[in-house]
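Colleague: Next up is a structure, given as structure tokens.
The values are calculated or read from the model by the stated rules, or taken from the named source; none is laboratory data. Given the structure is predicted, the values throughout are model-derived calculations rather than measurements. Here the Cβ positions follow ideal geometry from the backbone for every residue, glycine too, while neighbour counts run over all protein chains shown. With ligands, DNA and RNA removed, areas are computed over all heavy atoms of the protein, side chains included. Shrake-Rupley method; radii C 1.70, N 1.55, O 1.52, S 1.80 Å.
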Amino acid sequence: MTGAIDLLLSVRGHQRVPSDTKEFHEATKRDALMRLKKDLDHLLETVEETRKNGVQKEMCGFEALYHRFLQEDGPSVEWDRIEKLPEGAVKDYSTLKLPQEAHIRDMLDKLVVVKLNGGLGTSMGCHGPKSVIPVRNDLTFLDLTVQQIEHLNKKYNANVPLVLMNSFNTDMDTEKVIRKYKGFQVQIYTFNQSCYPRISRDSLLPIAKDFDIENDIDAWYPPGHGDFYQSFQNSGLLRKFIEEGREYCFLSNIDNLGATVDIKILNRLIGDDRQGDKPIEFVMEVTDKTRADVKGGTLINYEHKLRLLEIAQVPKEHVDDFKSVKTFKFFNTNNIWARLESIERVLNAKTMNMEIIVNNKTLDNGMRVIQLETAVGAAMKCFDGGIGINVPRSRFLPVKKTSDLLLVMSNLYSLKYGSLVMSPQRMFPTTPLVKLGDNHFSKVKEFLSRFANIPDLIELDHLTVSGDVTFGRGVSLRGTVIIIANHGDRIDIPAGAILENKIVSGNMRILDH
């Protein structure tokens, strides 16, 4: 940060000689903020009159984020001040009670389901929003979500609305897609998260020249899911739902197929399992860390409050401590329950203070830029009476890569009213660890072309596939299976093959493992 500010000063040719370093940095920060305000004013002059109000609100949010970015000095967490999680800070899911059937409808009518729908499917080789990638029986993430909520509404004669937070990358395509759900028993609302200008790493100023976002899409970015709170309020939906008597929102990533509405958690918040007079304002669902999750954000107690600690906030010399499964047992699933009135109170008091994630990127033209982002779970410390709930792993089933897609398409799961249910034939509740080579499996289309049908994975523990490998029909994979085709070789696993604890190498030798 200081390097960029020093550079900023030299670029402008200021002749100030502050009496000490602190004063010097304060002066350069003030300059940077003044220059930014000027640039934003110029940008706002290019906005159509009808959009001016909304854009102005967004730019106020960006300016506040930028100001905090300039103020932040050093790590946001001092490692030695992290305290042990207090007794009862993380509730075990198994201690939660099911509500009486008669109360479920009333509870559901106080709930809003929010899905984070701002991501594109480009990393998996797909065009458009990630939520429209087919994941099971030709049904997309969005189809499954709508099915789940419609089932709840029909079963309990309830009216749980679905809210999609889109980004400028996904809103137009999503609006077209959701027309097909008109006949369903689900009210669907959408709003857009903010659209912020990318900052040049050299000048610390926006690279955008005007607000014609479509013509200069590289100059803009959606600022992470921490933007949910402010954008939700700006959209008017937060106030609308409070006025309707709704009390909580359940928020999750749309690609987490395990993030379904949980009646037991809802019962702890507003049902007969509620404890004490004070409402729980914020719940973060966490689950047990495995070796695959060592980089996931975790819950800590800091300054007598529960808060999210991400690996980016950890001082380099403590990264190994952070990854320790013994020290930090849980990681954040990004399934969040938050009280609507509390969100409004914190926003109105301007105490929503989330850690800034500085995301450095290099554009195709070689320009180095900075994106300032925030994470939705980082808001936990801004609320009173926050808790963690240690949920079963089944509530964390994200599809980030084709290796995840392999699992959710397989016989490990069956589909029930839009929810994936693990097969009772699976001996262990954990999912297999799957690693598929990037060169041949990372894009959905190519991944699908390599399987005549998805293998039987019921007894699989670990699968690694690398190189040019294809699978025939009816293949069974059990235990630990490693298949490696060397460069220039190709391996075709024959139809009906049963591979149990096997290593298959480049010349198709099958060895016991």
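Colleague: Setting aside same-chain residues fewer than 8 positions from LYS37, which aspartates and glutamates have a Cα under 17 Å from its Cα?
Modeller: Once the sequence-local aspartates and glutamates are set aside, what remains near LYS37 is GLU26, GLU45, GLU58, GLU63, ASP210.
Colleague: Okay, moving on. What whole-number value in Å² describes the accessible area per residue of the chain for a 1.4 Å probe? Mind showing how you got there, number by number?
Modeller: Details: 24730 Å² over 513 residues.
That works out to 48 Å² per residue.
Colleague: Determine one quarter of the surface area of the Cα convex hull of segment 144-230, which equals its mean projected area, and express it in nm² to one decimal. Write down the numbers at each step before the final one.
Modeller: On the way: hull surface 29.4 nm².
Over every viewing direction, the Cα hull of segment 144-230 projects on average to 7.3 nm².
Colleague: What does the C-alpha gyration tensor say about the overall shape of segment 38-193? Classify as rounded when a/c is under 1.5, otherwise prolate if a/b is larger than b/c, or oblate. Could the numbers behind the result be given before it?
Modeller: Details: a/c = 1.93, a/b = 1.18, b/c = 1.63.
Oblate, since a/c reaches 1.5 and b/c is not below a/b.
Colleague: Let me ask something else. Go through THR470, THR402, VAL434 and say which Cα lies farthest out towards the positive end of the charge dipole of segment 402-505; charges sit on Cβ, +1 for Lys and Arg, -1 for Asp and Glu.
Modeller: Projecting each Cα onto the dipole axis, the largest value belongs to THR402.
Colleague: Right, another one. Nearest-5 percent of antiparallel DSSP beta bridges in segment 402-505?
Modeller: Details: 4 of 26 bridges.
If I count the DSSP bridges inside segment 402-505, around 15 percent turn out antiparallel.
Colleague: Of the DSSP beta bridges with both residues in segment 57-167, give the percent that are antiparallel, rounding to the nearest 5.
Modeller: Approximately 40 percent, going by the DSSP bridge assignments.
Colleague: On a full-extension model of 0.36 nm per residue, what is the gain between LYS209 and SER123, subtracting their alpha-carbon distance, rounded to one decimal in nm? Could you put the intermediate results ahead of the total?
Modeller: On the way: separation 86, 0.36 × 86 = 30.96 nm, distance 2.82 nm.
Full extension of this stretch gives 28.1 nm more.
Colleague: Ok, one more. Between segment 354-379 and segment 270-288, what's the alpha-carbon centroid distance in Å?
Modeller: 32 Å
Colleague: Taking the Cα centre of segment 297-439 as the origin, how large is its charge dipole in debye, to the nearest 20, when only Lys and Arg (+1) and Asp and Glu (-1) carry charge on their Cβ atoms? Walk me through the numbers before you get to the answer.
Modeller: Details: 19 positive and 13 negative charges, 80 e Å.
Computed charge dipole of segment 297-439: roughly 380 debye.
Colleague: Say the dipole of the chain comes from +1 at the beta carbon of Lys and Arg and -1 at that of Asp and Glu; which of GLN275, ALA32, CYS60 then lies farthest toward its positive end?
Modeller: Selected residue: GLN275.
Colleague: Now for a different question. Specify whether the C-alpha gyration tensor of segment 30-71 places it in the rounded, prolate or oblate class, a ≥ b ≥ c being the square roots of the eigenvalues: rounded for a/c under 1.5, otherwise prolate if a/b is larger than b/c and oblate if not. Don't skip to the end; give the middle numbers.
Modeller: Details: a/c = 4.82, a/b = 1.77, b/c = 2.72.
Judged from the Cα gyration tensor, segment 30-71 comes out oblate (a/c at least 1.5, b/c at or above a/b).
Colleague: Separate question: For segment 78-176, which GluC sites (Glu not before Pro) pass both filters: DSSP loop (anything but H, G, I, E, B) and at most 13 other C-beta atoms within 10 Å? All intermediate terms of the calculation are to be shown ahead of the outcome.
Modeller: On the way: sites: GLU78, GLU83, GLU87, GLU101, GLU150, GLU175; in loops: GLU78, GLU87.
Passing sites in segment 78-176 are GLU78, GLU87.
Colleague: Mind running the shape call on segment 68-108? Use the C-alpha gyration tensor, a ≥ b ≥ c as the square roots of the eigenvalues: rounded below 1.5 for a/c, prolate if a/b tops b/c, oblate otherwise. Can you show the working numbers first?
Modeller: Working: a/c = 7.77, a/b = 2.18, b/c = 3.56.
Cα axes put segment 68-108 in the oblate bin.
Colleague: Could you give the size of the charge dipole of the chain about its Cα centre, using +1 on the Cβ of each K and R and -1 on the Cβ of each D and E, expressed in debye and rounded to the nearest 20? Write down the numbers at each step before the final one.
Modeller: Values: 67 positive and 69 negative charges, 178 e Å.
Rounded to the nearest 20 debye, it is 860 debye.
Colleague: Specify which residue in the list VAL444, SER505, PRO494 is farthest towards the positive end of the charge dipole of segment 402-505, using unit charges on the beta carbon of Lys, Arg (+1) and Asp, Glu (-1), about the Cα centre.
Modeller: VAL444
Colleague: Looking at the chain, I'd like the Rg to Rh ratio, where Rg is from alpha-carbon atoms and Rh is Kirkwood's inverse mean 1/r.
Modeller: On the way: Rg = 24.8 Å, Rh = 25.2 Å.
Rounded to two decimals, Rg/Rh equals 0.98.
Colleague: Based on DSSP, what percent of beta bridges with both residues in the chain are antiparallel, to the nearest 5?
Modeller: On the way: 40 of 86 bridges.
If we restrict to bridges inside the chain, about 45 percent are antiparallel.
Colleague: Could you give the dipole magnitude of segment 30-71 about its Cα centre, charging the beta-carbon of Lys and Arg +1 and that of Asp and Glu -1, in debye to the nearest 20? If you can, show how the numbers build up before the last one.
Modeller: On the way: 8 positive and 8 negative charges, 43 e Å.
Roughly 200 debye for segment 30-71.
Colleague: ALA375's amide H: which non-local residues (gap 5+, or another chain) put their own amide H closer than 5 Å, with H modeled 1.01 Å from N in plane and none for Pro or chain starts?
Modeller: GLY226
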